[in-house]
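> One structure coming up, written as structure tokens, with questions to follow.
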Amino acid sequence: MKTQFWAVALILFATVIGAFGSIYLKRGAEELEFNLKKLFKNMKLFYGLLLYGLSSVFFIVGLKGGELSILYPLVALSYVWISLLSVKILKEKMGFWKWLGVVLIVLGVGFIGIGGTL
């Protein structure tokens, strides 16, 4: 089965949604208290879980359109999105080694993609 472009796009979209889910989970975790009433009022945590679930739905639909060996490595791009969003939204710092890791992830995913088309 040849991997369809729409499947790749859907998987990439799912990784972005999942990355935003991680950001919301991080923010929700900062407000986390082990009090049942406060736990259910923690909307950031709720949004994070909702985005993760939505991401999984898009991912599952995307898997229908191609080879798992091509599509699943795209999930590694979640690390790239999370790194970028952490800098932008959470004001985290990225040093040389983290940026090098991001570049290597992008290169690795690119090589897998190229290998799948040859």
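> Just to be sure I understand the filter: pairs with C-beta atoms under 9 Å, separated by 6 or more residues or on different chains, first member in region 21-36 and of a type outside the set (Lys, Arg), second member surrounded by fewer than 12 Cβ atoms within 10 Å (Cβ to Cβ). Which pairs pass?
These pairs meet every condition: Glu31/Lys38; Leu32/Lys38.
> Determine, yes or no, whether Leu85 is out of contact with any strand residue (DSSP E or B) (no Cβ under 6 Å at 6 or more places or on another chain) and surrounded by 15 or more Cβ atoms within 10 Å (Cβ to Cβ).
In short, yes.
> Filter region 1-30 down to the residues that are charged (D, E, K, R) and part of a helix (DSSP H, G or I), then identify the one that is surrounded by the fewest Cβ atoms within 10 Å (Cβ to Cβ).
So, considering only residues that are charged (D, E, K, R) and part of a helix (DSSP H, G or I), the one surrounded by the fewest Cβ atoms within 10 Å (Cβ to Cβ) is Glu30.
> Those residues that are of a type in the set (S, T, N, Q) and either within 24 Å of Ile112 (Cα to Cα) or free of Cβ contacts under 8 Å to residues at least 24 places away in the same chain (or both), I need them from region 74-98; list them, please. Explain how you work it out, then say what you get.
In the first step, residues of region 74-98 are kept if they are of a type in the set (S, T, N, Q); the result is 78, 83, 86.
Ser78, Ser83 - these are the residues of region 74-98 that are of a type in the set (S, T, N, Q) and either within 24 Å of Ile112 (Cα to Cα) or free of Cβ contacts under 8 Å to residues at least 24 places away in the same chain (or both).
> Only one of Gly65, Gly113 is part of a loop (DSSP other than H, G, I, E, B), more than 17 Å from the chain's Cα centre (by Cα) and within 28 Å of Met1 (Cα to Cα). Can you tell me which?
Criteria check complete, one pass: Gly65.
> Still on this structure: Output the residue which, of all residues in region 1-54 that are hydroxyl-bearing (Ser, Thr, Tyr) and under 20 Å from Glu67 (Cβ atoms), is modelled with the lowest pLDDT.
Looking at residues that are hydroxyl-bearing (Ser, Thr, Tyr) and under 20 Å from Glu67 (Cβ atoms), I get Thr3.
> Hey, any hits in region 95-117 for a residue that's modelled with pLDDT of 95 or more and among the polar types (S, T, N, Q)?
no
> Leu39 fails exactly one of the following numbered conditions: (1) touching a residue at least 12 places away in the same chain (Cβ under 8 Å); (2) surrounded by fewer than 18 Cβ atoms within 10 Å (Cβ to Cβ); (3) in a helix (DSSP H, G or I). What is the number of that condition?
(1)
> Name the single residue that is farthest from Phe59 (Cα to Cα) among those in region 1-39 being more than 9 Å from the chain's Cα centre (by Cα) and among the hydroxyl-bearing types (Ser, Thr, Tyr).
Applying the filter and picking the extreme gives Tyr24.
The values are calculated or read from the model by the stated rules, or taken from the named source; none is laboratory data. Predicted model, so just to flag it, every value in this text is computed and none were measured. Note: ideal-geometry Cβ built from the backbone for every residue, glycine included; neighbour counts use all protein chains shown.
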